[in-house]
Every structure is written in structure tokens, then in C-alpha cells.
1. Which lysines, if any, have their Cα less than 23 Å from the Cα of residue 68, not counting same-chain residues under 8 positions apart?
2. Kirkwood Rh, the range 60-149, all Cα pairs: how many Å?
3. For residue 80 and residue 108, calculate 0.36 nm times their separation in residues minus their Cα-Cα distance, and state this gained length in nm to one decimal.
4. In the range 94-154, which GluC sites (Glu not before Pro) are in a loop and have at most 14 other Cβ atoms within 10 Å, using DSSP for the loop call?
5. Over the range 60-149, what relative contact order in percent results from Cα pairs under 8 Å that are six or more residues apart?
6. Compute the signed sum of charges (Lys and Arg +1, Asp and Glu -1) over the other residues within less than 9 Å, Cβ to Cβ, of residue 140.
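Values in this text are rule-based calculations from the coordinates and carry no lab data. Because the structure is predicted, anything quoted here is derived from the model rather than measured. Cβ placement follows ideal geometry from the backbone for every residue including glycine, while neighbour counts extend to all protein chains displayed.
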Amino acid sequence: MNKKVIIGILIVLIIAIGVVVAYKVIEKSVTDREDFKFKVENIDSNPVNTVNQDNNEEYVYGDVFYAKIKKISTYNSITTILVEGLEVNDINHRGLFEFSIKDGTKILWRGTEIKLSDLKEGQNISITSIGVVEESSPARLTKVSRVILLDDEL
């Protein structure tokens, strides 16, 4: 019986040593590659613009979340929209947010650009925010690149 136990322990020990050696060989081959070596200064945290090849529509990375329009107001030719994040969002996008519609903001419905006047209180929208979120009450989105109307009808 002792021989079987000793042989079992030796087999387990040999397998464990083999796993460690294989791990070290793989780790060395990955970290020695030239493209793996980089400096922190070369990493860019800015959003990247890409082009969707299917329809040549520009896509901008950013925070996307869903909201219900609470209030639309215009003052000195600047339209500001107050929204409340929907429950389907993560916890950071469930409160009240405010943003202004600027020249670069696209407003879409079913892939087609629509007018700002097509947006109404009570509608559900998707918001793509590429700016910072100012901590105020309500939170202020500094740059919204896209608003998509989610409702079935205009």
C-alpha cells in the first residue's frame, strides 16, 4: 500500500512541476516579444473615431445610456434637455442629467436625421456622451454627440 501512495505522490509532483515549467516558458515567450514592450507615455486615453464601412457613418466611442425626456427648454437660442436615466442603465446613468444641443449633435430616429423640434417631453432616447460629466444637480453632460429617439413614432 505504501508503494502506491508514494507512486501517486510522485506522479502528482511531476505533473505540478510540468505545469509550472510550461507556465514559465509561455510567460517568457509572451513578455519577450518586442510588441509587448511599451511605455505608459505611449498609451492614449482619448476616444477613438472610427468609420463604419457598411454605411460610412462616423462612430464615436463614448458613454451610451437610455433616458426619458423630462423637459426641453430654449434660452438665447440654446436648447437644453433634462432627462432621467432609465432603470435598464447601470447605476451611474439612472439619475437626472442635463445637456445642450450643439451644432455637432446628431439627432436620429431609425437611422435618419430628424429635427430638434421632433423631440418631445416623455419620449425615450439614447444618449451618446463623449465629454465629461459635471457633478452638479442635475448632472451636466458637457458634450453629447448623438441623441437617438427610441420611440416607435415621431
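1. 102, 106, 115, 120, 143
2. Values: mean 1/r = 0.0772 Å⁻¹.
Here the Kirkwood hydrodynamic radius works out to 13.0 Å.
3. Working: separation 28, 0.36 × 28 = 10.08 nm, distance 1.70 nm.
Working it through step by step, the gained length comes to 8.4 nm.
4. Details: sites: 98, 113, 121, 134, 135, 153; in loops: 121, 135, 153.
Loop-located and lightly packed - 121, 135, 153.
5. Details: 197 pairs, mean separation 29.6, N = 90.
Rounded, it is 33 percent for the range 60-149.
6. Values: positive: none; negative: 98, 134, 135.
After counting each charged neighbour, the total is -3.
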